[in-house]
Amino acid sequence: MSITRRFIAATALTLLITACAGGKQAVDERGRPLEQLTLVTSSGEYEFLVEIADDDASRARGLMFRPPLADDRGMLFQFPAAREQEFWMRNTPSSLDIIYIAPNGRVVSIAKHTTPYSETPIPSNGAANGVLEIRAGRSDEIGLKAGDIVKHNFFKP
């Protein structure tokens with residue numbers, strides 16, 4: 001094989017390997033793929049990749065002991081039934097916006113800029129079966145308000 005052909009073959013192989021590595025799917029701390037979630041506000045639609053907390057152990061741990069979230073990341077807590085929910089910030093080092101969500105995907109309420117490490121309960125002020133935690137201030141940046149829509153396969157409009 002000529003030097004030119006070897007160079008072209010090596011370059012193509014390098015590009016293929018790079019493309020495959022770049023397409024690697026993001027995963028949560030348990031190695032599960034992050035899921036897409038969309039927040040629909042009056043100013044537009046905003047995409048997030050979320051970790052799913054859908055069992056007692058993952059819901060109890062939440063974002064404890066974790067670094068601040070990126071703008072497009074979050075954690076979605078899923079509960080089997082809609083009811084009044086209460087969250088706290090025990091062992092959570094960064095402030096969050098906590099978004100309580102009804103079964104139809106409507107935002108029930110938002111607790112903004114929660115206090116890190118606080119053990120004070122933060123109520124949903126209405127029945128919710130989903131709770132989304134995102135970086136503090138992000139809900140104001142995108143104009144999220146009670147009544148706005150959360151699109152994720154967990155919610156049934």
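The values are calculated or read from the model by the stated rules, or taken from the named source; none is laboratory data. Fair warning: this is a prediction, and the values are worked out from it, not measured in the lab. Cβ sites come from the backbone with ideal geometry, for glycine too, and all protein chains shown count toward neighbours. Only protein heavy atoms, including side chains, enter the accessible area calculation; ligands, DNA and RNA are left aside. Shrake-Rupley method; radii C 1.70, N 1.55, O 1.52, S 1.80 Å.
A few points about this structure:
- Looking across region 117-130, just one residue is within 16 Å of the chain's Cα centre (by Cα) and either open to solvent by less than 10 Å² (accessible area, probe 1.4 Å) or charged (D, E, K, R) (or both), and that is GLY130.
- Checking every residue in region 102-116 against the condition of being modelled with pLDDT of 95 or more, surrounded by 15 or more Cβ atoms within 10 Å (Cβ to Cβ) and under 24 Å from PRO33 (Cβ atoms) gives at least one match.
- Residues being in contact with a Phe, Trp or Tyr (Cβ under 8 Å, 6 or more places away or on another chain) and open to solvent by less than 30 Å² (accessible area, probe 1.4 Å) - total across region 32-51: 3
- Selection of region 51-75 for residues being of a type in the set (Gly, Ala, Ser) and in a helix (DSSP H, G or I) yields ALA57, SER58, ALA60.
- For ALA102, the conditions (1) farther than 22 Å from VAL27 by Cα; (2) of a type in the set (A, V, I, L, M); (3) touching a Ser or Thr at 6+ places or on another chain (Cβ under 9 Å) are fulfilled apart from (3).
- Qualifying positions in region 55-69 - loosely packed, with under 15 Cβ neighbours inside 10 Å and in contact with a strand residue (DSSP E or B) (Cβ under 7 Å, 6 or more places away or on another chain): PRO68
- Scanning region 97-115 for residues that are of a type in the set (D, E, K, R) and out of contact with any helix residue (DSSP H, G or I) (no Cβ under 9 Å at 6 or more places or on another chain) yields a total of 1.
- Test: residue in region 134-157 that is more than 22 Å from GLY44 (Cα to Cα) and either in contact (Cβ under 8 Å) with a residue 40 or more places away in the chain or surrounded by 19 or more Cβ atoms within 10 Å (Cβ to Cβ) (or both): no
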